[in-house]
Ligand SMILES: [Zn+2]
């Protein structure tokens with residue numbers, strides 16, 4: 001087998017491996033994106049829980065305030081019942097009105113806080129549901145990816161031995177050029193001449209280059225794209 005043909009075999013096997021690996025990467029990336037989306041949802045829960053705890057603490061404080069002012073209302077009512085003088089009666093009546101107003105204001109605040117708490121609870125519940133859904137989607141995808149990539153992984157594994165064999169039989173100088181170009185060019189490092197043009201970049205090459213390729217004695221690179229012409 002000619003040196004260039006052995007290199008073509010290296011290229012064929014390396015190209016297949018790289019194709020399978022890129023399929024594996026594509027699947028892995030999809031999985032990573034699903035995981036990131038799931039983690040984002042989980043992270044959203046923490047600030048909601050913090051606000052919920054704050055809201056509940058404010059609600060407890062307001063409930064205490066309502067109870068306190070309520071006691072004052074009851075006490076003032078009693079005093080009012082027992083009042084004997086008109087001036088005392090008027091003063092207590094005004095005081096009672098102030099306490100009742102105060103109570104109504106606190107109760108209104110409390111109501112707003114309770115509404116906010118309800119809203120946060122529903123957000124939290126909704127988020128938990130979405131997180132669960134994202135988690136089960138992720139698990140499903142993971143199972144799929146594992147199932148789908150196992151074949152590719154097996155293929156890659158089965159090609160590694162033949163690739164090594166092919167490399168062992170290939171001229172070191174050719175391999176060096178191949179290894180340098182393969183990461184950027186892929187499986188078209190070795191190309192054929194198509195009449196007077198390079199089979200990779202399709203630009204014209206000189207007659208001297210064509211002659212050298214046909215002589216087959218040395219490694220000939222395309223002057224434009226550096227591919228190996230064979
Ligand atoms: Zn070229």
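Where a number appears in this text, it was derived from the coordinates with a stated rule and is not lab data. Keep in mind that what you see is a predicted model, and the values were worked out from it rather than measured. Don't worry about glycine lacking a Cβ; one is built from the backbone with ideal geometry, like all the others, and counts go over all protein chains shown.
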Give me the pairs, please: first residue somewhere in the range 203-224 and under 20 Å from residue 171 (Cα atoms), second residue anywhere and assigned to a strand (DSSP E or B) and within 8 Å of the ligand (Cβ to nearest atom), beta-carbon distance under 6 Å, and either six or more positions apart or on two chains. 213/229; 220/229; 222/198; 222/229
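Residue-wise test of (1) at negative phi; (2) surrounded by 16 or more Cβ atoms within 10 Å (Cβ to Cβ); (3) touching a residue at least 24 places away in the same chain (Cβ under 8 Å).
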| position | (1), (2), (3) |
| --- | --- |
| 28 | yes, no, yes |
| 41 | yes, yes, yes |
| 72 | yes, yes, yes |
| 82 | yes, no, no |
| 85 | yes, no, no |
Looking at the range 180-220 only, could you name the residues that are crowded, with 18+ Cβ neighbours inside 10 Å, within 9 Å of the ligand (Cβ to nearest atom) and not in a loop (DSSP other than H, G, I, E, B)? 191, 198
